[in-house]
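Worksheet: one structure, shown below.
The values are calculated or read from the model by the stated rules, or taken from the named source; none is laboratory data. Everything quoted here is computed from the prediction, not taken from an experiment. With ideal geometry, Cβ positions are generated from the backbone for all residues, glycine too; neighbour counts draw on all protein chains shown.
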Amino acid sequence: MSILDNFNYRITGDDHLPKVVFLHGLMGFLNNWGSVTRRLSIKYQCLVYDQRGHGKSMKPLSGYHPKDFADDLFQILEALGWSSINLVGHSMGGRNALYFSYLYPHMLKSLVIEDIGPEGDPDNYLYYQDMLGVIPTPFASKPEIQNYFEHRFVSDFKTKENPKTIIPFLMANLEEKSDGKYDWKFSKQGIIDSVMQGRSEDSWLLIDRISVPTLYMRGENSKDLKKPVFERVLLQNKLITGIEISDAGHWIHSDQPEVFAKELESFLDRINH
């Protein structure tokens with residue numbers, strides 16, 4: 001059995017092209033990168049996949065430290081015969097990408113981290129625990145889902161980001177199960193463990209150890225990557241360049257898809273062409 005059998009993944013672009021791997025954020029899945037990979041796959045071969053505990057990939061009961069996610073990627077790349085990749089990660093995926101750059105620097109050509117800092121935040125998991133505890137899954141039908149998120153969610157829970165951004169994201173994570181009810185695509189406990197283990201301590205040492213050209217992206221209105229942290233990251237390692245995207249929050253590639261794709265493509269082209 002191949003490691004690839006444990007993961008839902010998609011590859012676009014021709015085999016001879018430079019490789020780009022995308023890691024989605026917490027509660028995300030591979031389709032989150034659809035518009036970006038459609039644009040890039042003319043010049044790059046792109047890999048997107050559901051990380052452990054997410055989407056249609058394996059959902060183990062334990063093993064949600066960033067090292068576990070990084071080890072998954074290493075094994076996937078070995079199975080595909082890929083090396084010298086450009087790695088792009090958003091939020092949790094950015095943290096996992098940072099760990100990958102530390103553990104497997106020989107596999108990287110460049111690194112892109114979207115809107116997550118290396119600081120620790122041991123209580124951060126409580127936000128997601130509370131949010132997932134409030135949403136009354138499973139739902140009996142799609143209209144029930146629609147009704148809840150249109151009329152109740154905003155009063156039930158105060159989100160860090162604009163509800164207009166997060167509600168479609170949450171709704172896209174609900175799928176029909178074998179009993180006809182609608183529940184999460186992801187492992188709820190896996191989500192909480194990912195945050196708990198990923199934010200239990202800071203990762204500034206990993207910023208110091210980055211050894212490839214790196215683009216660090218921050219949404220101007222982000223509540224997740226504070227501006228002072230972003231500015232410190234840019235001073236910490238001379239291989240890191242930064243860009244702040246206007247009129248964007250934590251989900252830059254969703255809030256400003258054209259700007260995000262343009263900046264990403266420009267960076268990748270400088271490294272690979």
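Can you confirm whether Ser246 is small (Gly, Ala, Ser), surrounded by 15 or more Cβ atoms within 10 Å (Cβ to Cβ) and either farther than 17 Å from Ser35 by Cα or in contact with a Phe, Trp or Tyr (Cβ under 9 Å, 6 or more places away or on another chain) (or both)? No, not satisfied. Checking each residue in the stretch 141-188 for being part of a helix (DSSP H, G or I) and either among the acidic types (Asp, Glu) or assigned by TED's automatic domain parsing to the domain that holds His250 (or both) picks out Glu144, Glu150, Asp156.
Scan the stretch 1-54 for residues that are on the phi > 0 side of the Ramachandran plot and under 18 Å from the mean Cα position of the chain (by Cα) and the total you get is 2. Elements of the type strands (runs of 3 or more DSSP E) sitting completely within the stretch 1-116 and holding at least 2 residues that are touching a helix residue (DSSP H, G or I) at 6+ places or on another chain (Cβ under 8 Å) and over 28 Å from Glu176 (Cβ atoms): these cover 19-23, 85-90, 108-114.
Is the stretch 178-191 home to any residue that is free of Cβ contacts under 8 Å to residues at least 60 places away in the same chain and within 22 Å of Gly249 (Cα to Cα)? No, there is no match, as no residue in the stretch 178-191 is free of Cβ contacts under 8 Å to residues at least 60 places away in the same chain and within 22 Å of Gly249 (Cα to Cα). All of (1) at pLDDT below 95; (2) over 20 Å from the mean Cα position of the chain (by Cα); (3) of a type in the set (Ser, Thr, Tyr) hold for Tyr127 with one exception: (2). Would you be able to say whether some residue in the stretch 203-211 is among the β-branched types (Val, Ile, Thr) and either under 22 Å from Thr37 (Cβ atoms) or surrounded by fewer than 16 Cβ atoms within 10 Å (Cβ to Cβ) (or both)? Within the stretch 203-211, not a single residue is among the β-branched types (Val, Ile, Thr) and either under 22 Å from Thr37 (Cβ atoms) or surrounded by fewer than 16 Cβ atoms within 10 Å (Cβ to Cβ) (or both).
I'd like to check something: does the stretch 127-134 contain any residue that is closer than 25 Å to Asp71 by Cβ and either surrounded by 15 or more Cβ atoms within 10 Å (Cβ to Cβ) or in contact with a Ser or Thr (Cβ under 9 Å, 6 or more places away or on another chain) (or both)? Spell out how you get there, then give the answer.
First pass over the stretch 127-134, keeping only residues closer than 25 Å to Asp71 by Cβ: 128.
From what is left, the residues that are either surrounded by 15 or more Cβ atoms within 10 Å (Cβ to Cβ) or in contact with a Ser or Thr (Cβ under 9 Å, 6 or more places away or on another chain) (or both) are 128.
Yes, there is a match, as at least one residue in the stretch 127-134 is closer than 25 Å to Asp71 by Cβ and either surrounded by 15 or more Cβ atoms within 10 Å (Cβ to Cβ) or in contact with a Ser or Thr (Cβ under 9 Å, 6 or more places away or on another chain) (or both).
Taking the stated definitions as given, is Leu47 over 23 Å from Arg199 (Cβ atoms), in the same structural domain as His253 (by TED's automatic domain parsing), at pLDDT 95 or above and crowded, with 16+ Cβ neighbours inside 10 Å?
Numbers: over 23 Å from Arg199 (Cβ atoms): yes; in the same structural domain as His253 (by TED's automatic domain parsing): yes; at pLDDT 95 or above: yes; crowded, with 16+ Cβ neighbours inside 10 Å: yes.
So Leu47 passes the test.
Could you go through the stretch 144-157 and let me know if any residue there is touching a Lys or Arg at 6+ places or on another chain (Cβ under 7 Å) and surrounded by fewer than 15 Cβ atoms within 10 Å (Cβ to Cβ). No, the stretch 144-157 contains no residue that is touching a Lys or Arg at 6+ places or on another chain (Cβ under 7 Å) and surrounded by fewer than 15 Cβ atoms within 10 Å (Cβ to Cβ).
Of the residues making up the stretch 180-217, those that are of a type in the set (Gly, Ala, Ser) and over 16 Å from the mean Cα position of the chain (by Cα) are Gly180, Ser200, Ser203, Ser211.
Among the residues of the stretch 253-267, what is the count of those that are closer than 19 Å to Leu17 by Cα, buried (at least 20 other Cβ atoms within 10 Å of the Cβ) and out of contact with any strand residue (DSSP E or B) (no Cβ under 6 Å at 6 or more places or on another chain)? So that I can check it myself, show each step before the final result.
Of all residues in the stretch 253-267, those closer than 19 Å to Leu17 by Cα come to 261-262, 264-267.
Okay, now just the ones that are also buried (at least 20 other Cβ atoms within 10 Å of the Cβ), so 264, 267.
This time we only want the ones that are out of contact with any strand residue (DSSP E or B) (no Cβ under 6 Å at 6 or more places or on another chain), so: 264.
Summing the residues that are closer than 19 Å to Leu17 by Cα, buried (at least 20 other Cβ atoms within 10 Å of the Cβ) and out of contact with any strand residue (DSSP E or B) (no Cβ under 6 Å at 6 or more places or on another chain) in the stretch 253-267 gives 1.
Answer yes or no: is there a residue in the stretch 52-65 that is of a type in the set (Ser, Thr, Tyr) and crowded, with 17+ Cβ neighbours inside 10 Å. The answer is yes; a qualifying residue exists.
Is there a residue in the stretch 218-234 that is among the charged types (D, E, K, R), assigned by TED's automatic domain parsing to the domain that holds Tyr104, within 19 Å of the chain's Cα centre (by Cα) and in a helix (DSSP H, G or I)?
First, the residues of the stretch 218-234 that are among the charged types (D, E, K, R): 218, 220, 223-224, 226-227, 231-232.
Filter again for assigned by TED's automatic domain parsing to the domain that holds Tyr104, leaving 218, 220, 223-224, 226-227, 231-232.
From what is left, the residues that are within 19 Å of the chain's Cα centre (by Cα) are 218, 220, 223-224, 226.
Next, only the ones that are in a helix (DSSP H, G or I) stay: none.
Within the stretch 218-234, not a single residue is among the charged types (D, E, K, R), assigned by TED's automatic domain parsing to the domain that holds Tyr104, within 19 Å of the chain's Cα centre (by Cα) and in a helix (DSSP H, G or I).
Just checking, how many residues over the stretch 235-254 are in a loop (DSSP other than H, G, I, E, B) and in contact (Cβ under 8 Å) with a residue 60 or more places away in the chain? Quick ask: steps written out before the conclusion?
Applying the first criterion (in a loop (DSSP other than H, G, I, E, B)) to the stretch 235-254 yields 237-239, 246-251.
From what's left, in contact (Cβ under 8 Å) with a residue 60 or more places away in the chain: 249-251.
Looking only at that region, the number is 3.
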